[in-house]
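Heads up, the thing below is written out as structure tokens.
The values are calculated or read from the model by the stated rules, or taken from the named source; none is laboratory data. What you are looking at is a predicted structure, and each value in this text was computed from that prediction instead of being measured. Counting neighbours? That spans all protein chains shown, and the Cβs are built from the backbone with ideal geometry, glycine included. Remember, those area values only see protein heavy atoms, side chains included, never the ligands or the DNA or RNA. Shrake-Rupley method; radii C 1.70, N 1.55, O 1.52, S 1.80 Å.
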Amino acid sequence: MRRFNLCFRVSNIIKMGILALGVISPFGCKEATTEVKEEVIEVQAMKPKTVIWHIKAVHPEGGLLKVKALDRDGNIYDVKAIQDAEQRSLMDIKVLDGEKQLPIKMLVSEDKFIPVKAISEDGTIYDVKALNSDGAKLDVKGVQRAGNIVHLKAINKEGAFYGIKAISTDGKLNDVKGVKMVKADRETTINGHAIFAHVKALPQGGLVGDDQLWNVKAIHPKGTFLDVKAIDKAGNIIDVKAIQDAGQHSVMDIKAFAGGKELPVKMLVSNDNYAPVKAIATDGTIYDIKALTPSGDRLDVKGVERSGNIIHIKAINKTGEFYAIKAISRDGELNDVKGVKLFKEDTEAEINGQAVYAHIKALPHVE
């Protein structure tokens, strides 16, 4: 991915190393969940474009509670969302400890609710708490899974839940959620700790409709839609859909439907200028992903530019023009189809013998 990565890494200001992702699939794709050494990043290395968002718990009466990290000695550290590129679809949540940023994760646990902790380079754990005005420290935990999303709440002593939000200085609002992309409990291991989910700030998903399968389309500049399909070696055309499951559409899987099976759609490691987007069968067979024009042209669908954790995906016509890719429900709801990259190295995971550079998901549209 040399030439492709040089393009992508221009805006990748804050490096991160987190999980080797797998794929959620009903027929059980092979997953890579290896030990990950997460990099701790110096705050002073951030460029002026970096925007820091506050993390707050929202009290039912309209007040805000500070969300902080606490070490074993009771020292209190800031918890912030980091907007490090021209996107806020998937923002890191970090603890600021001096000149370092520590990742915040949900840990594998047998507890009723999933513990949320910060992890240092040496594996030291920091608690994450919401601080009430009366001095009470409320647990912050994962309380319910909905597909790829784990809902995150502060919990008061009576057991009431308070939502957790990322708030920008100019009033923008994102939800703070756990993000899971592996069916198993353990996503990966970071600095000696088994990780259940990654804590990120995502755009608010809005109302969820009843439409479970969303169409995936490229948008022509003239305002028409082009079908996005998978094509096998024999030229057979296979549907590609976004799947809304578990009552959420904040992070939706993109799948190709072939022979009664749902095949994961991924961005592959490559030395090409743009990253190839393919569907992967259980035996490792590759299906091309194309946008189909009314005249019969089949346009490549590729990752063309990286912006932090997000890789912009476009259909590319024969003159090199880019067409956006969207997931569209029957009710007219619209999500952006993007590459999601959470791992510092080129290879996020190996799925059925194919090296995966990024995972393809449908995320809420952000202006």
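Here are the numbers for the structure shown:
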read-out: Nearest-10 value in Å² for the accessible area of R145, using the 1.4 Å probe; value: 90 Å²
read-out: Apportionment of accessible area to carbon and sulfur, region 226-344, percent (1.4 Å); value: 44 percent
read-out: Area of T319 that stays accessible when all protein chains are in place (1.4 Å probe, Å², to 10); value: 110 Å²
read-out: Distant-in-sequence amide H partners of D97 (H built 1.01 Å from N, under 5 Å); value: L102
read-out: Cross-link pairs K105/K302; K153/K229; K165/K290; K100/K177; K56/K266 - those with Cα-Cα distance over 32 Å; value: K153/K229; K165/K290; K56/K266
read-out: Nearest-0.05 FRET efficiency for A194 and Q144, computed from C-beta distance (R0 22 Å); value: 0.65
read-out: I190 long-range amide H proximity, modeled H, under 5 Å; value: V36, I195
read-out: HN-Hα J in Hz across region 338-347 - Karplus 6.51, -1.76, 1.60, θ = phi - 60°, x for Gly and Pro; value: 9, x, 10, 10, 10, 10, 5, 6, 4, 8
read-out: Inter-site label distance for K157 and Q204 at 7 Å from Cα along Cβ, in nm; value: 3.1 nm
read-out: Cα-based shape type of region 225-367, given that a ≥ b ≥ c are square roots of the gyration tensor eigenvalues and the cut on a/c is 1.5; value: rounded
read-out: 5 angstrom amide H check on V150, placed H, neighbours 5+ away; value: G178, V179, K180
read-out: Relative packing of peptides 87-100, 187-200 - highest average C-beta neighbours within 10 Å first; value: 187-200, 87-100
read-out: Anisotropy class of region 133-172 from Cα gyration tensor, a/c 1.5 cut; value: oblate
read-out: For region 91-213: rounded, prolate or oblate by the Cα gyration tensor [a/c cutoff 1.5]; value: rounded
